[in-house]
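J.: Just dropping this structure here.
The values are calculated or read from the model by the stated rules, or taken from the named source; none is laboratory data. This structure is a prediction, so every number in the text was calculated from the model and none was measured. Methodologically, a virtual Cβ is constructed for each residue, glycine included, from the backbone with ideal geometry; neighbour enumeration extends over all protein chains shown.
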Amino acid sequence: MGPLKGVRVVEMSNIGPGPFCGMLFADLGAEVVSVQRLAADDLGFDIARRYDLLNRSKQAVAVDLKAPEGVAAVMDMIATADVLVEGFRPGVMERLGLGPETCLATNPKLVYGRMTGWGQEGPLAQTAGHDINYIAMAGALAAIGPKGQKPAVPLNLVGDFAGGSLYLAMGLLAALIEARQSGKGQVVDAAMIDGAANLMTMHLGYRQASFWNLERGTNSVDGGSPWYTTYETKDNRWMAVGAVEKRFYREFIRRLGLQDASLPGQYDQSRWDELHNIIAAEFAKRTRSEWEAVFEGSDACVSPVLDMDEAPKHPAANARATFVDREGVTEPAPAPRFSRTPASIRNAPPDARATTPSVLSAWGISGKRIEQLAAAGVIPPLPG
């Protein structure tokens, strides 16, 4: 089922953000086909296929896009698609003969999604980069990290997946709704630097209002305040504290075993270091599990810092089924959730070499043509 049932998506396979955007559509019920490179060493599987979770719930084909027949087959799929997702450098799809002008001429209702780091235009458009470069240029990286230390790298979440994949998915859905009203498709240009900058909207406003310091680790929610940071426990593990509001802060201090009246004021920034040291000394007296018991069920906004092995096993995650186990592989459940048209993981990451013929057939390519493509080496050999 899923709210996107009936939506057809052609995803030009790439790394990370593009496939994640396609996965979001697939989890929500869309029919997503991943068009992958034909050469075995170009498929990008550095891990076992069953762990390539970004390709779950999808179909897959392996096609030689250097061959005109391969491009023509992909174009035939695009002709019946609602959405196309590509994440190559600007100009690559045009050189393949699959640029937006060509595709929209064939399918005027197509929503053509483009994912890049720097955008389709501009002085950096043709320059290589990664998440860390995009968030560095967007002002995000400089704001993340401890006081007096170098910027902290927040995985590759902020640029690739938040600024890239999620913004592209939002743009595609908006354009898809508009296309169904107007009958006309369009190009969605999702640049990771744009998305990362947009994520900084609140902080940029705060900065201009003189409510945010440029020095890392000196602000309310960047780890600078003693009530929005992490503390090490007796067993060298960590607890996360987010007691921002006054009433939550009072509950936090009470359960910590301290007397609010004897402490520096919550918002007395000149004494934050002093307050931080007092709280750190208390957390160092007990283990993480002991502190979990102390704060369980409270509004103190205190949580254990779980690693990737621990998070799926936590009782809260189990109660909500935040993670699912599929054939021995643990993965996050689809999100968000829907009351009437639930999302689901429909299949494991497919092997394009095995599924190409059946997928091409399902997308309207005739059996005779599939045989010709296989005989010409444009797609993998047919079984048998």
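J.: I'm checking my understanding of the structure. Among residues of region 200-219 that are surrounded by fewer than 18 Cβ atoms within 10 Å (Cβ to Cβ) and among the hydrophobic types (A, V, I, L, M, F, W, C), which one is nearest to Y134 (Cα to Cα)?
T.: L204
J.: Does region 39-50 contain at least one residue that is out of contact with any Ser or Thr (no Cβ under 9 Å at 6 or more places or on another chain) and either at pLDDT 95 or above or polar (S, T, N, Q) (or both)?
T.: So far as region 39-50 goes, no, none of its residues is out of contact with any Ser or Thr (no Cβ under 9 Å at 6 or more places or on another chain) and either at pLDDT 95 or above or polar (S, T, N, Q) (or both).
J.: Here's a follow-up. Would you check which residues across region 157-196 are of a type in the set (V, I, T) and more than 14 Å from the chain's Cα centre (by Cα) and list them?
T.: If the condition is that a residue be of a type in the set (V, I, T) and more than 14 Å from the chain's Cα centre (by Cα), then I177, V187, V188, I193 are the ones that fit.
J.: Are there any pairs, at least 6 apart or on different chains, whose C-beta atoms fall under 9 Å, with the first in region 90-118 and assigned by TED's automatic domain parsing to the domain that holds I78 and more than 24 Å from H130 (Cα to Cα) and the second of a type in the set (S, T, Y) and assigned to a helix (DSSP H, G or I), and if so, which?
T.: Listed pairs, sorted by first residue: K109/S182.
J.: Give just the number: which of (1) of a type in the set (G, A, S); (2) surrounded by 21 or more Cβ atoms within 10 Å (Cβ to Cβ); (3) not assigned by TED's automatic domain parsing to the domain that holds G139 does A191 not satisfy?
T.: Tallying (1) of a type in the set (G, A, S); (2) surrounded by 21 or more Cβ atoms within 10 Å (Cβ to Cβ); (3) not assigned by TED's automatic domain parsing to the domain that holds G139, A191 fails exactly one: (3).
J.: Out of the strands (runs of 3 or more DSSP E) lying entirely within region 265-384, which hold 1 or more residues that are among the basic types (K, R)?
T.: 323-326
J.: Same structure again: Test L65 against the stated conditions and say whether it is in contact with a helix residue (DSSP H, G or I) (Cβ under 6 Å, 6 or more places away or on another chain) and either within 24 Å of L173 (Cβ to Cβ) or assigned to a loop (DSSP other than H, G, I, E, B) (or both).
T.: yes
J.: Can you tell me which residue in region 256-309 is farthest from N236 (Cα to Cα), limited to those that are basic (K, R) and buried (at least 17 other Cβ atoms within 10 Å of the Cβ)?
T.: The selected residue is R286.
J.: Going through region 226-264 one residue at a time, which ones are touching a His at 6+ places or on another chain (Cβ under 8 Å) and either in a loop (DSSP other than H, G, I, E, B) or over 22 Å from A293 (Cβ atoms) (or both)?
T.: Selection gives P226 alone.
J.: Follow-up question, since we're still on this one. Taking the conditions exactly as written (in contact with a strand residue (DSSP E or B) (Cβ under 6 Å, 6 or more places away or on another chain) and outside the structural domain of E69 (by TED's automatic domain parsing)), does P380 satisfy them or not?
T.: yes
Okay, residues lined up against (1) touching a Gly at 6+ places or on another chain (Cβ under 8 Å); (2) not β-branched (V, I, T):
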residue: R320; (1), (2): no, yes
residue: D325; (1), (2): no, yes
residue: E331; (1), (2): no, yes
residue: F338; (1), (2): yes, yes
residue: W363; (1), (2): no, yes
residue: A374; (1), (2): no, yes
residue: V378; (1), (2): yes, no
residue: P383; (1), (2): no, yes
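J.: Please go through region 119-162 and give me each residue that is free of Cβ contacts under 8 Å to residues at least 60 places away in the same chain, of a type in the set (A, V, I, L, M) and either at positive phi or part of a helix (DSSP H, G or I) (or both), ordered by number.
T.: I132, A136, M137, L141, L155, L157, V158, A162
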